[in-house]
Amino acid sequence: MKVRFLVSILFSILVVVFAAIPNATLSYAQCKCTCRSTCSGSCAYSCSGCGLVDGAEAAQRCCDSAPAPSNCGEEEIF
Amino acid sequence: MHIATRRKLAISAAVIGLFSAITFALEFRTKSQQLQSLLARDKESQQIENSADQPLRVLENDDSPMRILEAKVKEVSGTDFNKLTGQHTALATVCSVPQVQLLNSSGKVVTGFVLAIRDPTTKTTRGMVQSKILINQGEAYTVKRQAFMESEWTSTINNDGKIQSSVVTPNVHSEKYWISFASRAALFVTVVRVSFQDGSVWRIKEGGDIQ
């Protein structure tokens, strides 16, 4: 009886753990950021599905590799 | 000259004159309407820029090396947002990206930081990364609204069919000026990451309302 009780508790824990793993992977996979350097010298970004710090780290990496805008103050007449 | 011919010429001249007058009047009206439209847009922009600032909720850790002294936004109704930008929103009110005043409260020189405006419910963030700066200990730094918006090409076409395009910072008529994914009450602003001249980095600790 005692063994059966312990086995059922262990089984419940395993079910909860396995159910949580796909969700964690999913939320990580859904984190997406876009960024663009601005003419004022900063880099504007937006993230969706990210943790606060994860998003900021992703934005920092994105901005580090974003090219500086070359057309600030530019004007063209066609 | 024959009287009938004279009459025909007079009628022709009158018709041509009438058409010219109508064409001139229509052109004048079109230009006047364009000018009025531009003036109305400028007036709208000015009215919003001059409207009262609203505070944006600030959340930060006790040990944050860059403290937010003030974060202020402009706010319009969802209907006005639609009129200004042409975009639809389900929100009753929409706020702009903020102007944020920061203070280096650390004992070190700051060389960069990351600001975030966040809706924790939808896990949506909009922000700015500032690098290649030097903010000394005790020094204040103001992040203007423009820092949250990338520039965009704007084109205008005149009556001759010439298209003039220029790179401009978005204003109230651009959706980039506004935060349309959540209302002001649901948002908070915080400093997430600070880098120092000595190479060290500070990161916010998530927990409680900060998430």
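When you scan segment B:196-211, how many residues do you find that are at the interface with chain A (Cβ under 9 Å from one of its Cβ atoms), part of a strand (DSSP E or B) and over 28 Å from the mean Cα position of the chain (by Cα)?
Total meeting the criteria: 1.
Among the residues of segment B:113-125, which ones are of a type in the set (A, V, I, L, M), over 15 Å from residue B:184 (Cα atoms) and more than 7 Å from chain A (Cβ to nearest Cβ)?
B:115, the sole residue that qualifies.
Could you please find all residues in segment B:109-125 being buried (at least 17 other Cβ atoms within 10 Å of the Cβ) and farther than 27 Å from residue B:208 by Cα?
Passing the criteria: only B:111.
Take segment B:126-145 and flag every residue that is of a type outside the set (Val, Ile, Thr), more than 12 Å from chain A (Cβ to nearest Cβ) and surrounded by 15 or more Cβ atoms within 10 Å (Cβ to Cβ).
Selection gives nothing.
Taking segment A:58-74 only, how many residues are more than 7 Å from chain B (Cβ to nearest Cβ) and touching a strand residue (DSSP E or B) at 6+ places or on another chain (Cβ under 8 Å)?
5
Do the conditions hold for residue B:81, that is, is it assigned to a strand (DSSP E or B) and either touching a residue at least 40 places away in the same chain (Cβ under 8 Å) or buried (at least 24 other Cβ atoms within 10 Å of the Cβ) (or both)?
In short, no.
Please work out if residue B:161 is more than 8 Å from chain A (Cβ to nearest Cβ), over 18 Å from the mean Cα position of the chain (by Cα), at positive phi and free of Cβ contacts under 8 Å to residues at least 12 places away in the same chain.
yes
Counting just the residues of segment B:147-158 that are facing chain A (nearest Cβ under 9 Å) and not aliphatic (A, V, I, L, M), which one comes out farthest from residue B:95 (Cα to Cα)?
Top of the filtered list is B:155.
Could you tell me which residue of segment B:146-175 is modelled with the lowest pLDDT, considering only residues that are crowded, with 19+ Cβ neighbours inside 10 Å and assigned to a helix (DSSP H, G or I)?
By that ranking, first place goes to B:146.
The values are calculated or read from the model by the stated rules, or taken from the named source; none is laboratory data. Keep in mind it's a predicted model, so treat the numbers as computed, not measured. FYI the Cβ positions are ideal-geometry reconstructions off the backbone, even for glycines, and counts take in every protein chain you see.
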